[in-house]
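K.L.:
Here it is: the structure, laid out below.
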Amino acid sequence: MYEVDGIVYASEPQEGMLVTGVRDTGDYIILVTFSTGETRLVDCTELFELPVFACLEDKAAFDTLETT
């Protein structure tokens with residue numbers, strides 16, 4: 001277990017972990033695959049509170065993001 005920026009994670013940190021794939025599942029939720037084989041669902045709506053990501057609340061802009 002470890003903590004980063006006030007968030008506690010149940011697993012151990014992985015050095016060199018990379019995102020190897022991203023798939024849009026709808027409603028601003030993406031499925032992210034990591035180089036460890038682990039997958040996680042990410043609710044992107046929580047990011048819209050940050051100014052840098054606010055523009056992605058527009059579904060047309062969000063849909064233009066490239067995924068692998």
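The values are calculated or read from the model by the stated rules, or taken from the named source; none is laboratory data. Note that this is a predicted model, so its numbers are computed, not measured. We work out accessible area using only protein heavy atoms, side chains counted, and drop any ligands, DNA or RNA first. Shrake-Rupley method; radii C 1.70, N 1.55, O 1.52, S 1.80 Å.
K.L.:
Could you grab me the full set of residues in the stretch 1-40 that are within 29 Å of Ala61 (Cα to Cα), charged (D, E, K, R) and part of a loop (DSSP other than H, G, I, E, B)? Spell out the reasoning first.
P.N.:
Restricting attention to the stretch 1-40, the residues satisfying the condition of being within 29 Å of Ala61 (Cα to Cα) are 5, 7, 17-35, 37-40.
Add one more test, that the residue is charged (D, E, K, R), and what stays is 5, 23-24, 27, 38, 40.
The answer is Asp5, Asp27, Glu38.
K.L.:
Also: Any chance you could count how many residues in the stretch 41-50 are open to solvent by less than 70 Å² (accessible area, probe 1.4 Å) and either not aliphatic (A, V, I, L, M) or not in a strand (DSSP E or B) (or both)? Even if it seems obvious, please write down each step before you answer.
P.N.:
Taking the stretch 41-50 and keeping what is open to solvent by less than 70 Å² (accessible area, probe 1.4 Å), we get 42-45, 47-48.
Next cut, either not aliphatic (A, V, I, L, M) or not in a strand (DSSP E or B) (or both) only: 43-45, 47-48.
Within the stretch 41-50, residues that are open to solvent by less than 70 Å² (accessible area, probe 1.4 Å) and either not aliphatic (A, V, I, L, M) or not in a strand (DSSP E or B) (or both) number 5.
K.L.:
Leu56 passes all but one of (1) in a strand (DSSP E or B); (2) open to solvent by less than 60 Å² (accessible area, probe 1.4 Å); which number fails?
P.N.:
Here Leu56 clears every test but (1).
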